[in-house]
1. Within the stretch B:157-204, restricting attention to residues that are more than 30 Å from B:Val61 (Cα to Cα) and touching a residue at least 60 places away in the same chain (Cβ under 8 Å), which residue is most open to solvent (accessible area, probe 1.4 Å)?
2. Does the stretch B:121-134 hold any residues that are farther than 16 Å from B:Gly105 by Cα and open to solvent by less than 30 Å² (accessible area, probe 1.4 Å), and which are they?
3. Taking the criterion of being closer than 22 Å to B:Glu47 by Cβ, open to solvent by less than 30 Å² (accessible area, probe 1.4 Å) and outside any loop (DSSP other than H, G, I, E, B), would at least one residue in the stretch A:82-95 satisfy it?
4. Since A:Thr76 meets every condition but one in (1) open to solvent by less than 90 Å² (accessible area, probe 1.4 Å); (2) touching a residue at least 40 places away in the same chain (Cβ under 8 Å), which condition does it not meet?
5. What is the number of the single condition among (1) touching a Leu at 6+ places or on another chain (Cβ under 6 Å); (2) closer than 23 Å to B:Ser199 by Cβ that B:Pro270 does not meet?
6. Applying the selection to the stretch B:287-303, what residues are farther than 20 Å from B:Pro140 by Cβ and surrounded by 14 or more Cβ atoms within 10 Å (Cβ to Cβ)?
7. Do any helices (runs of 4 or more DSSP H) lying entirely in the stretch B:25-95 carry at least 1 residues that are of a type in the set (Asp, Glu) and surrounded by 19 or more Cβ atoms within 10 Å (Cβ to Cβ), and which ones are they?
8. Take B:Glu235 and decide whether it is in a helix (DSSP H, G or I) and within 14 Å of chain A (Cβ to nearest Cβ).
Amino acid sequence: MSGVSTGSTGGGGSTGGRRDWPLWEVFVRSRRGLSHVHVGSLHAPDAEMALRNGRDLYTRRQEGVSLWVVPASAITASSPDEKDSFFDPAADKIYRHPTFYEVPEGVEHL
Amino acid sequence: MYGNDFGVPARDGRDTPGPTGGTGTTPAPPDEPPGFQELIDTDARIEPRDAMPEAYRNTLVRQIAQHAHSEIIGMQPEGNWISRAPSLRRKAILMAKVQDEAGHGLYLYAAAETLGVDRADLLDALHAGRQKYSSIFNYPTLTWADVGAIGWLVDGAAIANQVPLCRCSYGPYARAMIRVCKEESFHQRQGFEALHTLSHGTEAQKAMAQDAVNRWWWPSLMMFGPSDADSTHSEQSMRWGIKRFSNDELRQRFVDMTVPQADALGLTLPDPDLCWNDERGHYDFGEIDFAELFEVIRGNGPCNKQRLDHRVRAHEEGAWVREAAVAYARKKQERAGSTTGAVA
């Protein structure tokens, strides 16, 4: 169970010894101006079929204008076990936020 | 559609929980990671790669798998009427609904797979009878009005059960359920509309609608599972935020919502004890025959064998398509040297 952001265990990209088609993670851009967002996963024999299955499964009601499919096995994810230490460096740098700074009374547009 | 998480009270060997086993009814298991219960208590979500007690994982696998199985088996009773729908409009609606059920099954299998099981194993367990699907689908759809009654009552009961699951503590299950619930509301409305058309049609059409409601009302109430006193998995599932309301609470909510709808349809719900209780602020209703529910779960419902046989046959007869798709993908890959997913 490693290397997959969604925690899916399937080895996407190759069929290996598995009895099911490889696993793909699906990302949908719901409309122009927005980024692709992960919506779930599916099984498909190849990328082209993954796109078609993704369309049928995740955009039956016009939920998207663009689809990405990514072999689940191609995703490298941070480990939840290291969550605290991995993200720790950002915790004590409150000066990265504008609210850290004092602005004199009456100063605007700052 | 819908799957519930309960089995027959006496273990009969066919109610085994799932490929990974375990039922998890003891409070605070020894392998519960520190902070796990706190996350749940603060209404945060557990995500796939988080450490979790094995019993939590197994409970979810069992429940999500059963739910997924119910979605795909649930295609059969309604699929039965696609070719005989009374108009092109009804046929298009019914096809869209049955396609949605397939989609719901796939969302749920994908959610189950994030817990470390393979969809192929879950399907094996279904086909071998080791995992269940909702007992409601073991009843036959005898007339066109049954399609309406399923949409109105069965999907109505499913929605009452599923809306709280949108806040389930396990992230992928909750996200799948949000998607399912969004799509499910059209299912209930189309059923209500089909019944309304029949109940405001000829005498014969109204009688057909009434007959369907008579047959589906009690099985729909059984979908919520045994009464709280006899519910096997409830307490631990509540503590883990997998279940939010008890079987009886959800059943009462469904009855209260449905009685006024039956009035609008001009149809009668087949329960002489059904009446408003001013003191409780709820409808009272008659005794449910849970012996029937457990018989159907044990495999003795009207259509158990037919549903499972059909499912296994469809799976086996489709094997060559799955193999051909793999062979084609391999051939293309060999010719192209490499294939990568297109990025838009």
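The values are calculated or read from the model by the stated rules, or taken from the named source; none is laboratory data. Keep in mind that what you see is a predicted model, and the values were worked out from it rather than measured. Neighbour counts are summed over all protein chains in view; Cβ atoms, including those assigned to glycine, are modelled from backbone coordinates with ideal geometry. Surface areas here come from the heavy atoms of the whole protein model, side chains and all, with no ligands, DNA or RNA. Shrake-Rupley method; radii C 1.70, N 1.55, O 1.52, S 1.80 Å.
1. Initially, the stretch B:157-204 is screened for residues more than 30 Å from B:Val61 (Cα to Cα), giving B:189-204.
Okay, now just the ones that are also touching a residue at least 60 places away in the same chain (Cβ under 8 Å), so B:190, B:192, B:194-196, B:199-200.
Details: B:Gln190: 20, B:Phe192: 53, B:Ala194: 7, B:Leu195: 0, B:His196: 71, B:Ser199: 11, B:His200: 114 Å².
The qualifying residue most open to solvent (accessible area, probe 1.4 Å) is B:His200.
2. First, the residues of the stretch B:121-134 that are farther than 16 Å from B:Gly105 by Cα: B:128-130.
B:Gly129 - this is the single residue of the stretch B:121-134 that is farther than 16 Å from B:Gly105 by Cα and open to solvent by less than 30 Å² (accessible area, probe 1.4 Å).
3. No, the conditions are met nowhere in the stretch A:82-95.
4. All conditions are met except number (1).
5. The single condition B:Pro270 does not satisfy is (1).
6. Across the stretch B:287-303, the qualifying residues are B:Ile288, B:Phe290.
7. Working: elements: B:36-41, B:54-73, B:75-79.
Fully inside the stretch B:25-95 and qualifying: B:54-73, B:75-79.
8. Details: in a helix (DSSP H, G or I): yes; within 14 Å of chain A (Cβ to nearest Cβ): no.
No, not satisfied.
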